[in-house]
1. Select from segment 46-89 the residues that are more than 15 Å from SER34 (Cβ to Cβ) and among the basic types (Lys, Arg) and write down the one among them that is modelled with the lowest pLDDT.
2. State whether the residues of segment 38-50 include one that is surrounded by fewer than 12 Cβ atoms within 10 Å (Cβ to Cβ) and of a type in the set (A, V, I, L, M).
3. I want to confirm something. Restricting to segment 43-89 and keeping residues that are of a type in the set (Ser, Thr, Tyr) and assigned to a loop (DSSP other than H, G, I, E, B), which single residue is farthest from the chain's Cα centre (by Cα)?
4. Could you grab me the full set of residues in segment 31-42 that are out of contact with any Leu (no Cβ under 9 Å at 6 or more places or on another chain), assigned to a loop (DSSP other than H, G, I, E, B) and touching a residue at least 12 places away in the same chain (Cβ under 8 Å)?
Amino acid sequence: MKLKPIARSIAVSACLLLGACSSMQPPRAMPQASLLVRCPPELPPLTDGSAGDVLQTMTEWAAIYHACRIRHDGLVGVALLGIKRESLN
């Protein structure tokens, strides 16, 4: 007859453990380290104002802008994914 209290304890413990699992939040999406790089605070300056210098500097500016935009869009995507997950719960 000692088995009934032990069985009841096991059943209650199992119910408590399963109840805790159902209330756990899913892990938040952590952004990739490559997305956590800040954009450069300054752009390369024009040096002499010649057409070649302007073309080279503007090309560098465009490359910097696009690299920063890609990282920013990635962070927005991760943030929106986290918001979507939270609203589903």
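1. ARG85
2. The answer is no; no qualifying residue exists.
3. The residue in question is SER50.
4. Selection gives GLN32, VAL37, CYS39, PRO40.
The values are calculated or read from the model by the stated rules, or taken from the named source; none is laboratory data. As the structure is a prediction and not an experimental result, all values here were calculated from the model. Don't worry about glycine lacking a Cβ; one is built from the backbone with ideal geometry, like all the others, and counts go over all protein chains shown.
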